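Before I ask anything, here is the structure I am working with.
The values are calculated or read from the model by the stated rules, or taken from the named source; none is laboratory data. Computed from a predicted model, the values in this text were never measured in an experiment. In this analysis, Cβ positions are derived from the backbone assuming ideal geometry, glycine residues included, and neighbour counts consider all displayed protein chains. For accessibility, only protein heavy atoms count, side chains too; no ligands or nucleic acids. Shrake-Rupley method; radii C 1.70, N 1.55, O 1.52, S 1.80 Å.
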Amino acid sequence: MAPGDPVHDGDLLATGPGARLAARLDDGTEITLGENAELLIDEFVYEAGSRGNLFLKVLKGAFLFIGGAIEEIMASNVAIDTPAATLGIRGTTVWGGPIDDGYGVLVQDGRVAVTTDRRTVVLGPGEATMIAGRDSAPEAPHTWSAEKTARAVAAVSFAE
């Protein structure tokens, strides 16, 4: 991929060691990947004001998702499938990725339903959960320490 290249259904976005990638979809959704990450654009359909679907599949690594106009469409469906859980997205800025020997999800804005095979927890702004895997229940929503939050954000931040 080169700067400015379009992103389409079926595209695999990937980064290597020490790399970051930022992509913007046609509706303004922003996706940032940390190092050694892979994310599949499984489905992206956007018709301004009328319909939209966005399904992403995180194969590995850390990501940051900032929702765009697709989330404002009442009939839209936005979801992120991760190695540990499926995230139902609405009006959201959400971080997800490996951290502290597990898989973490941190909501910065909006609401996210985190669903595994065992249960669903709903996270609001500033709330997080840890997940051992798809066959285990996500922890109850709680607030991460400033240090843990900073490590999560650093995983997808570009060096200055």
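Tell me, what is the FRET efficiency for residue 122 and residue 45 to the nearest 0.05, using R0 = 25 angstrom and their Cβ-Cβ distance as r?
The pair residue 122/residue 45 has a calculated efficiency of 0.50.
Of the heavy-atom accessible surface of the chain (probe 1.4 angstrom), what whole percent is carbon and sulfur?
About 51 percent, which is the carbon plus sulfur part of the accessible surface.
I would also like to ask the following. When the chain is fully extended, how far beyond the present Cα-Cα distance does residue 142 get from residue 30, taking 0.36 nm per residue of separation?
Additional length available on full extension: 37.8 nm.
Taking the Cα centre of each part, how many Å lie between region 1-50 and region 133-154?
Region 1-50 and region 133-154 have Cα centres separated by 24 Å.
While we're looking at this one, here's another question. Apply the Karplus parameterisation 6.51 cos²θ - 1.76 cosθ + 1.60, with θ equal to phi minus 60°, to every residue of region 69-81 and state each ³J(HN,Hα) to the nearest whole Hz, in sequence, with x for glycine and proline.
Taking θ as phi minus 60°, the curve returns 4, 4, 6, 7, 7, 4, 8, 6, 9, 10, 8, 10, 8 Hz for region 69-81.
Over region 1-92, what relative contact order in percent results from Cα pairs under 8 Å that are six or more residues apart?
Relative contact order comes out at 23 percent.
Using a ≥ b ≥ c from the Cα gyration tensor of region 1-157 (square roots of the eigenvalues), is it rounded, prolate or oblate, where a/c under 1.5 gives rounded and otherwise the larger of a/b and b/c decides, a/b for prolate?
Since a/c reaches 1.5 but b/c is at least a/b, the shape of region 1-157 is classed as oblate.
In region 56-137, which trypsin sites (Lys or Arg not before Pro) are in a loop and have at most 16 other Cβ atoms within 10 Å, using DSSP for the loop call?
118, 119, 134
Report the relative contact order of the chain, percent, no decimals, based on alpha-carbon pairs under 8 angstrom and at least 6 residues apart.
15
Might you tell me the accessible area per residue for region 5-71, computed with a 1.4 Å probe and given in Å²?
Per-residue value: 45 Å².
At residue 22 and residue 151, where each label point lies 7 Å from the Cα along Cα→Cβ, what is the point-to-point distance in nanometres?
Once both label points are built, they end up 2.5 nm from each other.
Using a 1.4 angstrom probe on the protein heavy atoms only, could you order 65, 55 from most to least accessible area?
From most accessible down to least: 55, 65.
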